[in-house]
Amino acid sequence: MRGRAMTNGRGGRAGPAGRAVRLPVVAALVRPLARAIDWLPVGLAGPLTVALAIAVEPGDPMDSRLGLLLLRMSGLLLGAAAGFALVDAMAAGTDAAPVPRWVRQWARVVLVLAAVVPSWAAVCAVVAVRLEPAGVLHFPGAGVEAAACVLAGLAGSAVAVRRHGGRPAALAGAFVLLALCAGIGIAGGAAWPMPYSADWHAVHVWWLAALPVPVLVLVAAGRDVRRA
């Protein structure tokens, strides 16, 4: 009956929002989701950022300012590309899937992060090798910046794909990053310093404080979509 909540054999709710999610079920999702994800944007952005780090001023030592610019550019490009992993062409027909929507969305997030992190780490390795002897780069601070950028791109796309399907929805993540970059560039200060005379402890604090925001947006955007 409609007025009675469906329950499973152990007395728990059996509806989409209340069913228990078991690890084997989640593990079984990995292969089909990995095949369903549009990997082309990440597949292009990763090698492109590594190639840029190799090709810029070839043969010359890299100063800290240029190295930081490359790390930031890599984080922005990878964040914009990562949003495409959340586009689900079959979203309209997966309401009755055996696992909740948030599980499928977070599985996609984990899969794309597993591809994005090595790409950014490769850029770090190239920059570290090419850095001039006197150059100093604060990789932990740059890493927190990159993590915030990638999560912000994912969060923007996660909100958009709730209502709109296809690649155009994934571009919302790129627009979020563009707005973020423009806003921080205007504000300046501790959030986006260049390496010289910068208080990198303040950088860590600022970006670590900002990290929960896109995570919370991802959590909220992962809820089941209720259609009239």
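What follows is calculated from the coordinates using simple rules that are stated; it is not laboratory data. Keep in mind the model is a prediction, meaning the values are calculated, not measured. Because the Cβ atoms are built from the backbone with ideal geometry, glycine has one as well, and the counts that use them run over all protein chains shown.
Each peptide in 171-180, 152-161 was scored by the mean count of other Cβ atoms within 10 Å over its residues; highest first, the order is 152-161, 171-180. Relative to one another, the C-alpha centroids of the stretch 93-169 and the stretch 201-221 are positioned 13 Å apart.
Computed from backbone phi, the HN-Hα couplings of the stretch 139-155 come to 4, x, x, 5, x, 5, 4, 4, 4, 5, 5, 5, 5, 5, x, 5, 5 Hz, rounded to whole numbers (Karplus: 6.51 cos²θ - 1.76 cosθ + 1.60, θ = phi - 60°; Gly and Pro given as x).
Karplus-based coupling profile of the stretch 106-122, in residue order and whole Hz: 6, 4, 5, 4, 5, 5, 6, 5, 5, 8, 6, 4, x, 5, 5, 5, 5, with θ = phi - 60° in 6.51 cos²θ - 1.76 cosθ + 1.60 and x standing for Gly or Pro. If I model a spin label at ALA202 and LEU23 as a point 7 Å from the Cα along the Cα→Cβ vector, what separation in nanometres do I get? Those two pseudo-labels are separated by 4.5 nm. For LEU131, which sequence-distant residues (separation of 5 or more, or a different chain) have an amide H within less than 5 Å of its own amide H, given hydrogens modelled in the peptide plane? Here the answer is MET62, since their amide H atoms fall under 5 Å of that of LEU131. Take 45-54, 30-39, 115-124 and order them by the average number of nearby Cβ atoms within 10 Å per residue, most first; the result is 115-124, 45-54, 30-39.
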